[in-house]
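Peer 1: Take this structure, written in structure tokens, and hold onto it; I'll ask about it next.
The values are calculated or read from the model by the stated rules, or taken from the named source; none is laboratory data. If you're wondering where the values come from, they're calculated on a predicted model, not measured in any experiment. Cβ sites come from the backbone with ideal geometry, for glycine too, and all protein chains shown count toward neighbours. Surface areas here come from the heavy atoms of the whole protein model, side chains and all, with no ligands, DNA or RNA. Shrake-Rupley method; radii C 1.70, N 1.55, O 1.52, S 1.80 Å.
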Amino acid sequence: MHELALTESLVEQVAEHTAGRRVSAVHLRVGLLSGVVPEAIEFCFDVAASGGPLEGATLVIERVPGRLGCRTCGLESAAADGLPVCPCGSADVEVVAGRELTLTRVEVLREPSCA
Ligand SMILES: [Zn+2]
């Protein structure tokens, strides 16, 4: 995964969505099995956001733990680091959660009002 390119496209996507309004916060849901390193996105965000409507915005990342469903015994278990293997020893597992990379919320700064 190239986190900088990913973060840049994320920033573009948000900027497009908010039509040039100043963005105060971006909420992202990142699955820990998505192959994306949340810390790397955080690291790249300021660089990718600088000079645009997202400059200075806060990036809030919700980390979603990986869950595996076993096709052998039917057990659903938390994905530990490393190999996707069920506690029963079977490697015939499917990822049921943790592959997300979703933009969940964008907060836009309110324009000062005269009212
Ligand atoms: Zn199993």
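Peer 1: If I ask for residues that are crowded, with 18+ Cβ neighbours inside 10 Å and more than 14 Å from L101 (Cβ to Cβ), which ones from the range 19-43 would you list?
Peer 2: The one that is crowded, with 18+ Cβ neighbours inside 10 Å and more than 14 Å from L101 (Cβ to Cβ): V23.
Peer 1: Here's something else I'd like to know. For the range 79-90, which positions are modelled with pLDDT of 90 or more and exposed (fewer than 12 other Cβ atoms within 10 Å of the Cβ)?
Peer 2: First, the residues of the range 79-90 that are modelled with pLDDT of 90 or more: 86-90.
Listed by number, the list holds a single entry, G89.
Peer 1: Being closer than 27 Å to L109 by Cβ, out of contact with any strand residue (DSSP E or B) (no Cβ under 7 Å at 6 or more places or on another chain) and not aliphatic (A, V, I, L, M): is that true of G89 here?
Peer 2: For G89, the condition - closer than 27 Å to L109 by Cβ, out of contact with any strand residue (DSSP E or B) (no Cβ under 7 Å at 6 or more places or on another chain) and not aliphatic (A, V, I, L, M) - is not met.
Peer 1: Would you check if S90 is within 16 Å of the ligand (Cβ to nearest atom), over 18 Å from the mean Cα position of the chain (by Cα) and assigned to a loop (DSSP other than H, G, I, E, B)?
Peer 2: It is true that S90 is within 16 Å of the ligand (Cβ to nearest atom), over 18 Å from the mean Cα position of the chain (by Cα) and assigned to a loop (DSSP other than H, G, I, E, B).
Peer 1: Something else about it: Please enumerate the residues belonging to the range 1-18 that are open to solvent by less than 20 Å² (accessible area, probe 1.4 Å) and at pLDDT 95 or above. Can you show your working first?
Peer 2: Applying the first criterion (open to solvent by less than 20 Å² (accessible area, probe 1.4 Å)) to the range 1-18 yields 7, 11, 14, 18.
Correct list: T7, V11, V14.
Peer 1: Considering only the range 39-53, state which residues are of a type outside the set (V, I, T) and touching a residue at least 40 places away in the same chain (Cβ under 8 Å).
Peer 2: F43, C44, A48, G52
Peer 1: Are any residues in the range 93-112 more than 22 Å from the chain's Cα centre (by Cα) and closer than 30 Å to H17 by Cβ, and if so, which ones?
Peer 2: R110, E111, P112
Peer 1: Okay, next question. Checking the conditions here, which among G56, G74 is more than 16 Å from the ligand (Cβ to nearest atom), outside any helix (DSSP H, G or I) and open to solvent by 20 Å² or more (accessible area, probe 1.4 Å)?
Peer 2: Of the residues listed, the single one that is more than 16 Å from the ligand (Cβ to nearest atom), outside any helix (DSSP H, G or I) and open to solvent by 20 Å² or more (accessible area, probe 1.4 Å) is G56.
Peer 1: Scan the range 98-115 and report the pairs whose first residue is among the hydroxyl-bearing types (S, T, Y) and surrounded by 10 or more Cβ atoms within 10 Å (Cβ to Cβ) and whose second residue is at pLDDT 90 or above and not in a loop (DSSP other than H, G, I, E, B), with Cβ atoms within less than 6 Å and a gap of 6+ or a chain change.
Peer 2: Close Cβ pairs satisfying both conditions: T102/R29; T104/H27; T104/R29.
Peer 1: For the range 12-29, give me each residue that is part of a strand (DSSP E or B) and touching a Pro at 6+ places or on another chain (Cβ under 6 Å).
Peer 2: V23
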